[in-house]
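**Student:** Below you'll find the structure I mean.
The values are calculated or read from the model by the stated rules, or taken from the named source; none is laboratory data. Keep in mind that this is a model prediction, so the values were computed, not measured. A quick note on method: Cβ atoms are made from the backbone with ideal geometry, for glycine too, and the neighbour counts reach across all protein chains shown.
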Amino acid sequence: MHHARQHAETRIRERRHRLAHEAARLMAESGIRDFHQAKLKAAERLGIADDASLPRNREIEDALREYQRLFRGDAHTQGLRQRREAALRALVFFADFDARLVGPVLEGTADSHSPVALHLYTDDPEAVPRFLEDHLIPAELRTRRLRLDRERQEDVPVWLFSAEDLQLEDEADPHFNAVTGAGPHALVIVGERGTLLRSDDDGANWKRLPFPYKGSMFGVLATGEGRLLAYGLRGNVYESNDNGGSWNKVDSQASVSLMGGSLLEGGGVILAGANGTVLRRAAADAPFSLATFRNAAGETPALAGITAGGKGDFVLVGDKGVDLYHPQ
């Protein structure tokens, strides 16, 4: 019995070793950055379905260092040095946010696919995007789930940008954030990094169009014949009168991200965003008025959507749930 248990434990150790090295190879050659994804892919390739044989992240990191030492040599050392030097400058740049270096650059396993990752700390969720925009740094907002401990997880905002000729994140395929009909057979998509696409054949084919703002647009509305209104990062609102062929910036009076919008009667629009921000204009050519929504607890939630309710009210959704908004 004792020998059988020893044999079983030896087999598990061997499988863990094989899986750790296969996962490390996949991370090094395929650019996979998620340890769990690499484990599962390695297990599938090796035909191992035993969860007890899955290696710990630290085992994969050790195998990844060994792989890089054997197969990448000086090129890996030089690339890691370049990223660490960039990280030092970034830590100084973000010093006001108590910046900390984390991830592969800190651990020494970074390769050409690895971003320089910093954790920033602030009580104001708009402080980081405001800082980036003040320094004319185009960045994209994403969300990542961080494990705080064995029981707690939290979704946190992640801002991606490139500097010093380093590709800090894979930006080959920008996220598309919204689509709207724009007339007979016409559709328009907006997304990250000033992405603007239009289809004139019901979505069968798409053409990329220029957009004047290089940040994210989170929504787009068709406000009339040939008229479009796009809204997004840092209160940016743009309007087109020729179905997206050209755009003019609209004074929104807001400086926070706008993430939801809805049409009103008579060509009007209502938009909602961070810090309880609500923008409203009564007609197509009217200026926007700015208001701040507070819920029953006195909070100003990050609003992700807004639509008309009954009796002149609006339904709001966001990080604090669902609320009714009564315009003054």
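**Student:** What tally of residues in the range 176-201 results from selecting those that are exposed (fewer than 13 other Cβ atoms within 10 Å of the Cβ) and either in contact (Cβ under 8 Å) with a residue 60 or more places away in the chain or not in a strand (DSSP E or B) (or both)?
**Tutor:** Total meeting the criteria: 3.
**Student:** Still on this model: Quick check on Asn295: is it without any contact (Cβ under 8 Å) to a residue 12 or more places away in the chain and touching an Asp or Glu at 6+ places or on another chain (Cβ under 7 Å)?
**Tutor:** Considered against the rule, which asks whether it is without any contact (Cβ under 8 Å) to a residue 12 or more places away in the chain and touching an Asp or Glu at 6+ places or on another chain (Cβ under 7 Å), Asn295 comes out as no.
**Student:** Further question: Any idea which of (1) under 18 Å from Arg15 (Cα atoms); (2) in contact with a His (Cβ under 8 Å, 6 or more places away or on another chain) is the one Val102 doesn't satisfy?
**Tutor:** Among (1) under 18 Å from Arg15 (Cα atoms); (2) in contact with a His (Cβ under 8 Å, 6 or more places away or on another chain), Val102 violates only (1).
**Student:** Kindly establish whether Asn248 is in the same structural domain as Gly310 (by TED's automatic domain parsing), without any contact (Cβ under 8 Å) to a residue 24 or more places away in the chain, in contact with a Ser or Thr (Cβ under 8 Å, 6 or more places away or on another chain) and farther than 17 Å from Ser289 by Cα.
**Tutor:** Taking the combined requirement at face value, the residue satisfies it.
**Student:** Quick check on my filter: what residues within the range 266-279 are over 27 Å from the mean Cα position of the chain (by Cα) and either in contact (Cβ under 8 Å) with a residue 60 or more places away in the chain or not in a loop (DSSP other than H, G, I, E, B) (or both)?
**Tutor:** Selection gives Gly266, Gly267.
**Student:** (1) at pLDDT below 90; (2) out of contact with any Phe, Trp or Tyr (no Cβ under 9 Å at 6 or more places or on another chain); (3) surrounded by 12 or more Cβ atoms within 10 Å (Cβ to Cβ): which one isn't true of Asp149, the others all being true?
**Tutor:** Here Asp149 clears every test but (3).
**Student:** Also, I was wondering about something else. Could you tell me whether Glu133 is of a type outside the set (A, V, I, L, M, F, W, C), modelled with pLDDT under 75 and not in a strand (DSSP E or B)?
**Tutor:** Against the criterion (of a type outside the set (A, V, I, L, M, F, W, C), modelled with pLDDT under 75 and not in a strand (DSSP E or B)), Glu133 does not qualify.
**Student:** Exactly one of (1) at pLDDT 80 or above; (2) under 18 Å from the mean Cα position of the chain (by Cα) is unmet by Pro212. Its number?
**Tutor:** Of the numbered conditions (1) at pLDDT 80 or above; (2) under 18 Å from the mean Cα position of the chain (by Cα), the odd one out for Pro212 is (2).
**Student:** Further, regarding this structure: Working only within the range 265-283, note down all residues that are among the hydrophobic types (A, V, I, L, M, F, W, C) and in contact with a strand residue (DSSP E or B) (Cβ under 6 Å, 6 or more places away or on another chain).
**Tutor:** Val269, Ile270, Leu271, Ala272, Val278, Leu279
**Student:** Another one. Just one of Gly245, Gly266, Gly261 is among the small types (Gly, Ala, Ser), closer than 30 Å to Pro184 by Cβ and touching a Gly at 6+ places or on another chain (Cβ under 6 Å); which is it?
**Tutor:** The unique qualifying residue is Gly261.
**Student:** If the requirement is being closer than 30 Å to Pro157 by Cα, out of contact with any Lys or Arg (no Cβ under 7 Å at 6 or more places or on another chain), without any contact (Cβ under 8 Å) to a residue 40 or more places away in the chain and surrounded by 14 or more Cβ atoms within 10 Å (Cβ to Cβ), which of these qualifies: Tyr231, Tyr213?
**Tutor:** Of the residues listed, the single one that is closer than 30 Å to Pro157 by Cα, out of contact with any Lys or Arg (no Cβ under 7 Å at 6 or more places or on another chain), without any contact (Cβ under 8 Å) to a residue 40 or more places away in the chain and surrounded by 14 or more Cβ atoms within 10 Å (Cβ to Cβ) is Tyr213.
**Student:** Going by the conditions given, is Asn236 surrounded by fewer than 24 Cβ atoms within 10 Å (Cβ to Cβ), in contact with a strand residue (DSSP E or B) (Cβ under 9 Å, 6 or more places away or on another chain) and without any contact (Cβ under 8 Å) to a residue 40 or more places away in the chain?
**Tutor:** Taking the combined requirement at face value, the residue satisfies it.
**Student:** With (1) part of a loop (DSSP other than H, G, I, E, B); (2) in contact (Cβ under 8 Å) with a residue 12 or more places away in the chain; (3) not basic (Lys, Arg) as the list, and Ala204 as the residue in question, which single condition is left unmet?
**Tutor:** Every condition holds for Ala204 apart from (2).
**Student:** Taking the stated definitions as given, is Thr143 under 24 Å from Lys214 (Cα atoms) and at pLDDT 85 or above?
**Tutor:** No: the conditions fail for Thr143.
**Student:** Taking the residues in the range 216-228 that are touching a strand residue (DSSP E or B) at 6+ places or on another chain (Cβ under 7 Å) and touching a residue at least 60 places away in the same chain (Cβ under 8 Å) as candidates, determine which candidate is nearest to Thr307 (Cα to Cα).
**Tutor:** Thr223
**Student:** For Val105, state whether it is closer than 18 Å to Arg72 by Cα, surrounded by 14 or more Cβ atoms within 10 Å (Cβ to Cβ) and modelled with pLDDT of 80 or more.
**Tutor:** The answer is yes for Val105.
**Student:** Considering only helices (runs of 4 or more DSSP H) fully contained in the range 1-95, which possess at least 1 residues that are buried (at least 17 other Cβ atoms within 10 Å of the Cβ) and touching a Lys or Arg at 6+ places or on another chain (Cβ under 7 Å)?
**Tutor:** Answer list for the range 1-95: 2-30, 57-71.
**Student:** For the range 140-147, check the following and say yes or no: at least one residue is of a type outside the set (A, V, I, L, M) and either over 30 Å from Leu26 (Cα atoms) or not in a strand (DSSP E or B) (or both).
**Tutor:** no
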